[in-house]
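Encoded as structure tokens, the structure appears first; notes follow it.
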Amino acid sequence: MIERKLNTVFIPVANLKESVNWYQSILGFEVDEEQYKEIEQLPVYTFQMGETSLTLEVESDFTPSPSKIPICNIHTNQIEKVRDSFLSKKVVIESDIISFPDFSYFNFRDVNGNLLMICTG
């Protein structure tokens, strides 16, 4: 039977190695050295993030989606610090911090132009 669990989120990318390096340096994701050693031969790279993983997948002729809806959100408890860090690293920010009583978020683009979200909720 199907479990009520999200296993992985796939994000399309143009260049796997460049994307993994960006996710490591900008988002602080931990790189698996064993997986990284074979990155030139892999069609995907998976970041382990608790129960749900994030998988970057090379797509031939990749074009980022023009969608205004983020692919996924990434959690933080320090949204202002994250936004300031992104600005200093020249990350493309797509929105101001939007706040509600129980959460806040802002949208940004990764190195491939994919729309993602940083969220406190």
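The values are calculated or read from the model by the stated rules, or taken from the named source; none is laboratory data. Just so it is clear, the structure is predicted and the values come from calculations on it, not from any experiment. Counting neighbours? That spans all protein chains shown, and the Cβs are built from the backbone with ideal geometry, glycine included.
Among the residues of segment 80-121, not one is touching a Gly at 6+ places or on another chain (Cβ under 9 Å), closer than 23 Å to residue 10 by Cβ and assigned to a loop (DSSP other than H, G, I, E, B). Against the list (1) closer than 18 Å to residue 62 by Cα; (2) surrounded by 10 or more Cβ atoms within 10 Å (Cβ to Cβ), the condition residue 40 fails is (2).
Please verify whether residue 104 is surrounded by 12 or more Cβ atoms within 10 Å (Cβ to Cβ) and polar (S, T, N, Q), treating the condition exactly as stated. Here the answer is yes, as residue 104 does meet what is asked.
For segment 37-54, the set of residues classified as touching a residue at least 12 places away in the same chain (Cβ under 8 Å), not hydroxyl-bearing (Ser, Thr, Tyr) and not in a helix (DSSP H, G or I) consists of 42, 43, 44, 47, 48, 49, 51, 54, listed by residue number.
The condition of being part of a strand (DSSP E or B) and either of a type in the set (Asp, Glu) or surrounded by fewer than 14 Cβ atoms within 10 Å (Cβ to Cβ) (or both) holds for only one of 3, 57, 34, that being 57.
Give the residue that is farthest from residue 59 (Cα to Cα), with candidates limited to residues of segment 1-33 that are free of Cβ contacts under 8 Å to residues at least 40 places away in the same chain and of a type in the set (A, V, I, L, M). My answer is 1.
On the given criteria, is residue 63 part of a strand (DSSP E or B), surrounded by 10 or more Cβ atoms within 10 Å (Cβ to Cβ) and of a type in the set (Ser, Thr, Tyr)?
no
For residue 11, the criteria (1) modelled with pLDDT of 95 or more; (2) surrounded by fewer than 15 Cβ atoms within 10 Å (Cβ to Cβ) hold in every case but one, which is (2). Within the set 93, 98, 74, 118, the sole residue that is surrounded by 15 or more Cβ atoms within 10 Å (Cβ to Cβ) and more than 30 Å from residue 3 (Cα to Cα) turns out to be 93. Total residues in segment 93-109 satisfying the condition of being touching a Ser or Thr at 6+ places or on another chain (Cβ under 7 Å) and of a type in the set (A, V, I, L, M): the figure is 2.
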